[in-house]
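The values are calculated or read from the model by the stated rules, or taken from the named source; none is laboratory data. Only a predicted model underlies this, so the values are computations on that prediction, with no experimental measurement involved. No Cβ is skipped: glycine too gets one built from the backbone with ideal geometry, and neighbour counts run over all protein chains shown.
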Amino acid sequence: MDFDHYPLLTTHYSPFTMLLLTIALISIFTFALFGWDKACAKAGRARVPEAVLLGCALIGGTPGAFLGMRHFRHKTAKLSFQVKFWLIVALQVWLCMFAPDSLQRRALHVIGLVMG
């Protein structure tokens, strides 16, 4: 198959760009997952487990989770969920700001290997 007509598949991105793209994709998925769970809750159908919602936030979907909670008004009143969510946010902020540079470089390297 000739990939020359698909620039997204042939362009080499920096690890930081790949990180941002990964976070964006996971966030879009997480946002949709919050909407799906809210619709299931309203309809009385089987729900998305909280561990899955929080897990998606943990692996990079925090922006989508935050926007999904606000947009769908979902999981905003459940204190135990909120505590866990904000602990995940705190961990991610700590990793971004205070983790050793070597750890940050390794994380970006792994993302580059996985995505590129």
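Filtering the range 1-27 down to residues that are in contact with a helix residue (DSSP H, G or I) (Cβ under 6 Å, 6 or more places away or on another chain) and of a type in the set (A, V, I, L, M), which residue is modelled with the highest pLDDT? The qualifying residue modelled with the highest pLDDT is 26.
Scanning the range 16-66 for residues that are among the aliphatic types (A, V, I, L, M), touching a Leu at 6+ places or on another chain (Cβ under 9 Å) and part of a helix (DSSP H, G or I) returns 18, 19, 33, 52, 53, 58, 65. With the structure loaded, tell me whether residue 36 is out of contact with any helix residue (DSSP H, G or I) (no Cβ under 6 Å at 6 or more places or on another chain), modelled with pLDDT of 95 or more and of a type in the set (Phe, Trp, Tyr) or whether it fails that test. Yes, satisfied.
Residue pairs whose Cβ atoms lie under 6 Å apart, separated by 6 or more positions or on different chains, with the first residue in the range 15-38 and without any contact (Cβ under 8 Å) to a residue 60 or more places away in the chain and the second outside any helix (DSSP H, G or I) and buried (at least 16 other Cβ atoms within 10 Å of the Cβ), are 34/74; 38/74.
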